[in-house]
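Step one of this worksheet: look at the structure below.
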Amino acid sequence: MSGSRIDADRAQGRESTGFAFEDREMSADLSTEFEQAAADAKQLAQRPGNDTLLKLYALYKQGAQGDVCGPKPGFFDFVGTAKYEAWAQLRGMRCEEARQKYIELVRKLESGG
């Protein structure tokens, strides 16, 4: 491969080893699996407890949107406040990590765990 071709590949985020491309493929696979887990979570045989539902909510939001933003809900919005606080506890967690943890939790719930 000529030097200019290597430089062009690097400028576009492709290394000759293929690692950058593999990372994008893995990210696409994770996104697909995350979306499937979200659909599966709505079809669970048993409704999880409130603590687990909050964890699912927070991991989903962190995986889909990143760190919590916006004002905290008002004092009398107990559910909204609980959701906000659960999501805020994950501040700084990478989206990929949150997605992976969400998938693992949904799979655990599907298996009855």
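The values are calculated or read from the model by the stated rules, or taken from the named source; none is laboratory data. Quick caveat: nothing in here was measured; it's all calculated off a predicted structure. Note that each Cβ is placed from the backbone with ideal geometry, even for glycine, and that neighbours are counted across all protein chains shown.
Observations on the model:
- Residues of region 60-69 that are surrounded by fewer than 17 Cβ atoms within 10 Å (Cβ to Cβ) and assigned to a helix (DSSP H, G or I): A64, Q65.
- Scope region 35-82; condition at positive phi and at pLDDT 95 or above; matching residues: G66
- Among the residues of region 66-84, those identified as without any contact (Cβ under 8 Å) to a residue 24 or more places away in the chain and under 17 Å from the mean Cα position of the chain (by Cα) are V68, C69, Y84.
- Among (1) surrounded by fewer than 17 Cβ atoms within 10 Å (Cβ to Cβ); (2) part of a helix (DSSP H, G or I), the one test that K72 misses: (2)
- Residues located in region 75-113, provided they are surrounded by fewer than 18 Cβ atoms within 10 Å (Cβ to Cβ) and of a type in the set (V, I, T): V79, T81
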